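Notes for the one structure printed next.
The values are calculated or read from the model by the stated rules, or taken from the named source; none is laboratory data. Only a predicted model underlies this, so the values are computations on that prediction, with no experimental measurement involved. We place every Cβ from the backbone using ideal geometry, glycine too, and count neighbours over all the protein chains shown.
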Amino acid sequence: MSSPGTLPAALSFLPQWWQDSSDPTAFDALLAGWARACGWRACGFVWPGESGLVARTANSGAICDGAAPLEVPDALRRLKAGEQTVQYSVANTAGRVFATVHPAGRPAGALWADKVAGQPWTEAERAYLALAAKSVERAPALSALIGPVLDPDRLYQRLGDAAVIAGRMAHDFDNLLQGIIGFSDLTLPLLQPGTQAATFVAEIGKVGQRGITFTQQLHHLSRSGQTKPNAGAVPLAVTKEEARLKPITPLGVRFEKDFPPNPPAVAMEAGPLQMVLGHLLENAVEACPQGGVVRVTARAVELTETDARAYLGRVGMGGYLQVTVSDTGPGIKPEVRRRLFVEPFFTTKVRHRGLGLAVAYRALCSHRGGIQIEPVPAPGTGTLVRVVLPLAAARAPAVATSSFTASAVGG
């Protein structure tokens, strides 16, 4: 900072990052105001977006069209490795310092600042830059710029509340639908085959069966938070789900599987494991054109703290089995991607209810796992989904459903 008196102004500016805003230009205004409050020579923000690097720069307190600093790739590498801040020598300045900006479930970016020559960086100033980066991490203006920044705990709580209601609704609708299906089955033999009345009654039975399929999804959401101390095997779960999906798999679509010999068991029993992988595989199959490929891979990984933050869920440091499901479809449009998880039951598919990702996310959270969704790297097309599952040999305590979740909708 340009002078000792600047520190109070710099600290007092931080709450301004938390102001509500949905205007993409709000981030530029805040960045320029922050530069003036701190007395930086220049500062900026860089983030690896889906279509390239997002860069915003303020020079002498005003937004300019400056390119991202040349140090960005190395700075991101070092920040991901665990350094809180990194500094580089830059001509005509006292140096350039980077601090990590890492929203949950998103790639890591960086906030950076230059000081004028002759005013060396102090440890307090570097600590302040790291604090500012944490403020930017949760800024509504950042969400407007790069897309929604989610709070995993809040999303888990919302799904937990919805799951309680879903379970009760599913039970009641099951009783109604069973009555509709039962009486349609009893009535149909009494009617002359091929008559209009027989056709109508048969259609009633089919509608009832579709209703049962929907209530089964509600039951899955209701039960997705349950955990049991039984290990699961990913290859077996994938094989079973591949067989289940075979009747709806488009002509020529093939599965490719790449598993290591004797992959470790995961801390998720067979039922929820198949439920999670089944939803991901079903989405991939439906996205594939004729002749497409659904590829499933698995490998053991050791996650750092930075690696863990890149997953949406409840992931920590340690050993996991990473399962990747990719397809060769058209991929997820940016406007659709912005609504995933933000609107927990959002879907673009006919006859779907948007429950698949909600079920998968809640089950993963309950078992201390996580999920990433991103485009297949160029030059390929499609969607790539990664999930990480804790190893059974290093089982962590399951996430208990909050007592508030049940009582909030009780009565």
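Among (1) surrounded by 13 or more Cβ atoms within 10 Å (Cβ to Cβ); (2) out of contact with any Asp or Glu (no Cβ under 9 Å at 6 or more places or on another chain), there is one condition Asn230 misses while meeting the rest; what is its number?
(2)
Condition check ((1) modelled with pLDDT of 90 or more; (2) within 20 Å of the chain's Cα centre (by Cα); (3) over 12 Å from Gly356 (Cα atoms); (4) not assigned by TED's automatic domain parsing to the domain that holds Pro375) across all residues:
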site: Ala270; (1), (2), (3), (4): yes, no, yes, no
site: Met275; (1), (2), (3), (4): yes, yes, no, no
site: Leu281; (1), (2), (3), (4): yes, yes, no, no
site: Cys288; (1), (2), (3), (4): yes, no, yes, no
site: Gly291; (1), (2), (3), (4): no, no, yes, no
site: Val294; (1), (2), (3), (4): yes, no, yes, no
site: Ala298; (1), (2), (3), (4): yes, yes, yes, no
site: Val301; (1), (2), (3), (4): yes, yes, yes, no
site: Thr306; (1), (2), (3), (4): no, yes, yes, no
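Can you work out which of the residues in the range 113-136 that are of a type in the set (Asp, Glu) and either assigned to a helix (DSSP H, G or I) or not assigned by TED's automatic domain parsing to the domain that holds Thr100 (or both) is surrounded by the fewest Cβ atoms within 10 Å (Cβ to Cβ)?
Glu123
Is it true that some residue in the range 150-171 is assigned to a helix (DSSP H, G or I), β-branched (Val, Ile, Thr) and within 30 Å of Tyr320 (Cα to Cα)?
yes
Need the failing condition index for Gly160 against (1) farther than 24 Å from Ser224 by Cα; (2) in contact with a Lys or Arg (Cβ under 8 Å, 6 or more places away or on another chain), just the number.
Status for Gly160: all satisfied but (1).
In this structure, does Thr297 turn out to be surrounded by fewer than 17 Cβ atoms within 10 Å (Cβ to Cβ) and in a helix (DSSP H, G or I)?
no
Which is of a type in the set (Ser, Thr, Tyr) and modelled with pLDDT under 90, of Ser89, Ser51?
Among Ser89, Ser51, only Ser51 is of a type in the set (Ser, Thr, Tyr) and modelled with pLDDT under 90.
Mind listing whichever residues of the range 55-77 are crowded, with 17+ Cβ neighbours inside 10 Å and under 29 Å from the mean Cα position of the chain (by Cα)?
Quick first cut of the range 55-77, residues crowded, with 17+ Cβ neighbours inside 10 Å only: 55-59, 61, 63, 68-69, 71-72, 75-76.
The answer is Ala55, Arg56, Thr57, Ala68, Pro69, Glu71, Val72, Ala75, Leu76.
Has the range 200-223 got at least one residue that is more than 30 Å from Leu176 (Cβ to Cβ) and either touching a residue at least 12 places away in the same chain (Cβ under 8 Å) or not assigned by TED's automatic domain parsing to the domain that holds Cys365 (or both)?
No: zero hits.
How many of the residues in the range 212-235 are farther than 16 Å from Arg368 by Cβ, modelled with pLDDT under 90 and among the small types (Gly, Ala, Ser)?
1
Taking the range 254-282, which residues are buried (at least 23 other Cβ atoms within 10 Å of the Cβ) and under 14 Å from Gly329 (Cα atoms)?
Here is the first cut: in the range 254-282, the ones buried (at least 23 other Cβ atoms within 10 Å of the Cβ) are 266-268, 272-273, 276-277, 279-281.
Within the range 254-282, Leu280, Leu281 qualify.
Only residues that are closer than 19 Å to Ala363 by Cβ, assigned to a loop (DSSP other than H, G, I, E, B) and polar (S, T, N, Q): list them for the range 185-243, please.
The answer is Ser224, Gln226, Thr227, Asn230.
How many residues does the range 171-226 hold that are touching a Cys at 6+ places or on another chain (Cβ under 9 Å) and more than 19 Å from Gly278 (Cβ to Cβ)?
Number of matching residues: 0.
Looking at the range 184-192, can you tell me whether even one residue there is touching a residue at least 24 places away in the same chain (Cβ under 8 Å) and either within 34 Å of the chain's Cα centre (by Cα) or over 22 Å from Leu355 (Cα atoms) (or both)?
yes
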